[in-house]
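The values are calculated or read from the model by the stated rules, or taken from the named source; none is laboratory data. Just so it is clear, the model here is predicted, and its values are computed rather than measured. Neighbour counts run over all protein chains shown; Cβ positions are idealised from the backbone, glycine included. Accessible surface areas use protein heavy atoms only, side chains included; no ligands, DNA or RNA. Shrake-Rupley method; radii C 1.70, N 1.55, O 1.52, S 1.80 Å.
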Amino acid sequence: MRPRPAPRRVPRYALAATAVVALLAGAAVPSAATTAAPDEPASTTSAPTTDEASATTEAPTGPVAVRPRVAAPVSPVAPVSAAPVPDRGALSMQISDELDSTWLGGTNRRAVAIRDALTGESLADRHSSRLVTPASTTKLLSAAAIVTGLEGDHTFTTRVVAGAEPDEVIIVAGGDMLLADGAGDPEAVAGHAGIGDLAAQTADALEEGGGPEGTVRVRLDLSYVAGPDAMPTWSDHWIREGWSGRIVQLGRSGDRALPFNPSPTSPEQEVARVFREALAEEGIEVVGAGDEGAEAQEVEAPEDAAELASVESAAARDVLALALATSDNAMVEQLARQAAVADGGSAEQEDVTAWIRQTVSEDYGLDMDGVQIVDASGLSDGTQIPVGVVADVLVAGADGSHPALQKVLAAGGLPIAGYTGTLATRFHLDRHDPAVGVARAKTGTLPGVSSLAGTVVTRDGRLLVYALTADDLDEGSAAIEAASVLDEVVAELARCGCQPE
């Protein structure tokens, strides 16, 4: 039995090493003050993480709140590639105790792939080619496909146009489900564009004679990338209990689902309601303003309709990074639909998932034989992906071969251990300390499944990629314990020099 090294208290300015990871990818490090957000469902008995996903200036809630805020360094430290590649035997020995933990369930359902991030060299492997249930680490494959269908600088436009009837104004959906109620915040991702700004522009246009005079009626055009607001392969429980929101192309940031706080039945109607009220506050007489039960009729805007107002979302890469960091199932699904359609495909579920498989295979050169993807988010039953493929995608996001994916992951798409996103309340025990601030990961949790996939900087400064899945867990608290064990594995990688003696 390998003696376990005594836990080390690493100063929280160890975030410097994280800066190296981001700088390697050519992007800035997210602030340590980025708030946490709920991951996908852990089990019906585990306590959820809650937060305001759109906030960017307050420290995370939960155990991480006691950690001081740390600003990212202005200049890079030593390159992460300066150290030699870890020795495969030494590294495997370093993590052997953790991988043998009984909390990880069936021994033949523990899948591990650890790679050198720059060379792709395999450093540890357990059942890495076996098909396993990845849970939300599926989103990494979806992200790899999405960045090929949507340019990183692309923005989603929400417009208001004059309708076919003389008293109509029509809100035209354009893919932004993160609208602020009032004015937009150009520094934010969630709430970058505002319904209040749409209303103010519309009121100005109406007063200048650009649209209907007198009382107006608000309509909705939801024809953009139309599709069901929930996957047929999802359990009703996920929507009803707030583990996923509605998949829409028009929505308010404040209506994003949180565990036990589900999104509204019709997020688009909530946008119309807020718009009516804001337009009325601008002095326009609006039918249904102040009426909570009023609904906007769905119509299709005339092709030559006069535009009265428009607002733009944050850049697609930042929206995708937020969706990954907060493990927002609905956001990833709607971005995948948009990307598939933009790439010439269909918004149908089976077409989108086939497009993801084909794109990862063709654009990234990965072997997808046998891989089964049922949805883009990893929430449906039936998705089966080897951890080796997940690790391959992460290598592609770190080795310089796919800059668009690099930018998304480095812009916050992979949360920082102990600080941001779905890792804000992970890595909280003393034995996890070496990984705090120097590991980044996408989490994955379903009943009976715990996954973790991301990057970590070793003690010597080498950047590694890891993909870990255990999908034969007892339900209940086992998911929490298994997640802690996977955190230990990553902490051992961070602690590891792993050179032969």
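How large is the Rg to Rh ratio of region 280-322 when both quantities use alpha carbon positions and Rh follows Kirkwood? Walk me through the intermediate numbers first.
Numbers: Rg = 15.8 Å, Rh = 14.4 Å.
With Rg and the Kirkwood Rh in hand, the quotient comes to 1.10.
May I ask for the distance between the Cα centers of region 162-191 and region 322-357, given as a whole number of Å?
Their Cα centres are 22 Å away from one another.
Along the Cα→Cβ direction, 7 angstrom out, place labels at Ser235 and Ser122. What is the inter-label distance in nm?
Between Ser235 and Ser122, the label points sit 3.4 nm apart.
Using a 1.4 Å probe over the heavy atoms of the protein chains, calculate the carbon and sulfur portion of the accessible area of region 299-438 as a whole percent.
On the way: 1780 of 4360 Å².
Looking at region 299-438 in its full context, I get 41 percent from C and S.
How much accessible area per residue does region 420-501 have, in Å², with a 1.4 Å probe? Working shown, then result.
Numbers: 2010 Å² over 82 residues.
With all protein chains present, region 420-501 gives 24 Å² per residue.
Tell me, what is a quarter of the convex hull surface for the C-alpha atoms of region 296-349, in nm² with one decimal?
On the way: hull surface 23.4 nm².
For region 296-349, averaging the hull's shadow over all directions gives 5.8 nm².
Please label the shape of region 91-134 as rounded, prolate or oblate, based on the square roots a ≥ b ≥ c of the eigenvalues of the alpha-carbon gyration tensor (a/c under 1.5 means rounded; beyond that, a/b larger than b/c means prolate, else oblate).
On the way: a/c = 2.89, a/b = 1.36, b/c = 2.13.
Here region 91-134 falls in the oblate category.
Quick check: net charge around Gly413, other residues with Cβ under 11 Å of its Cβ, Lys/Arg +1 and Asp/Glu -1?
My count for the surroundings of Gly413 gives +4.
Give me a comma-separated list of calculated 3J(HN,Hα) values for region 290-300, in order, Karplus coefficients 6.51, -1.76, 1.60 applied at θ = phi - 60°, integers in Hz, x for any Gly or Pro.
Each residue of region 290-300 in turn: x, 9, 4, x, 5, 10, 7, 5, 8, 9, 10 Hz.
Rolling a 1.4 angstrom probe over the protein heavy atoms, how many square angstrom per residue are accessible across region 315-364? Kindly include the intermediate steps, with their values, before the conclusion.
Details: 1580 Å² over 50 residues.
Heavy-atom SASA per residue in region 315-364 reads 32 Å².
If you build the Cα gyration tensor of region 146-280 and take the root of 5 times each eigenvalue, what three semi-axes come out, in whole angstrom, biggest first? Walk me through the numbers on the way to the answer.
Working: eigenvalues 154, 56, 44 Å².
Semi-axes from the Cα gyration tensor: 28, 17, 15 Å.
Quick one: plug the Kirkwood hydrodynamic radius of region 170-232 (C-alpha pairs) into Stokes-Einstein at 10 °C, 1.306 mPa s, and report D in µm²/s.
Details: Rh = 13.6 Å.
D, rounded to a whole number, is 117 µm²/s.
Place the peptides 419-426, 164-171 in order of packing, highest mean first, counting for every residue the other Cβ atoms within 10 Å and averaging per peptide. Walk me through the numbers on the way to the answer.
Values: 419-426: 27.2, 164-171: 18.9.
Ranking, from highest mean packing down: 419-426, 164-171.
Per residue Cα convex hull volume for region 356-501, in cubic angstrom?
Values: hull volume 19.2 nm³, N = 146.
Spelled out: Cα convex hull of region 356-501, divided by residues, is 131 Å³.
If we sort 104-114, 443-453, 222-232 on the protection proxy, mean other Cβ atoms within 10 Å, highest first, what's the order?
Values: 104-114: 20.3, 443-453: 25.6, 222-232: 16.1.
Descending mean neighbour count gives 443-453, 104-114, 222-232.
Could you list which residues have their amide H under 5 Å from that of Lys442, counting only those 5 or more apart in sequence or on another chain, with H placed in the peptide plane?
Ala453, Gly454
Using the Karplus equation 6.51 cos²θ - 1.76 cosθ + 1.60 (θ = phi - 60°), what ³J(HN,Hα) coupling, rounded to whole Hz, does each residue of region 391-397 give in order, writing x for Gly and Pro?
5, 4, 5, 5, 4, 4, x
What is the extension gain from Glu303 to Ala183, computed as 0.36 nm multiplied by their sequence separation minus the C-alpha to C-alpha distance, in nm to one decimal?
Working: separation 120, 0.36 × 120 = 43.20 nm, distance 2.79 nm.
Additional length available on full extension: 40.4 nm.
Can you list residues from other chains, or at least 5 along the same chain, whose modelled amide H is less than 5 Å from the amide H of Ala309?
Val160
Tell me, what does the Kirkwood hydrodynamic radius of region 351-424 come to in angstroms if you use every pair of distinct C-alpha atoms?
For region 351-424, the Kirkwood estimate is 13.6 Å.
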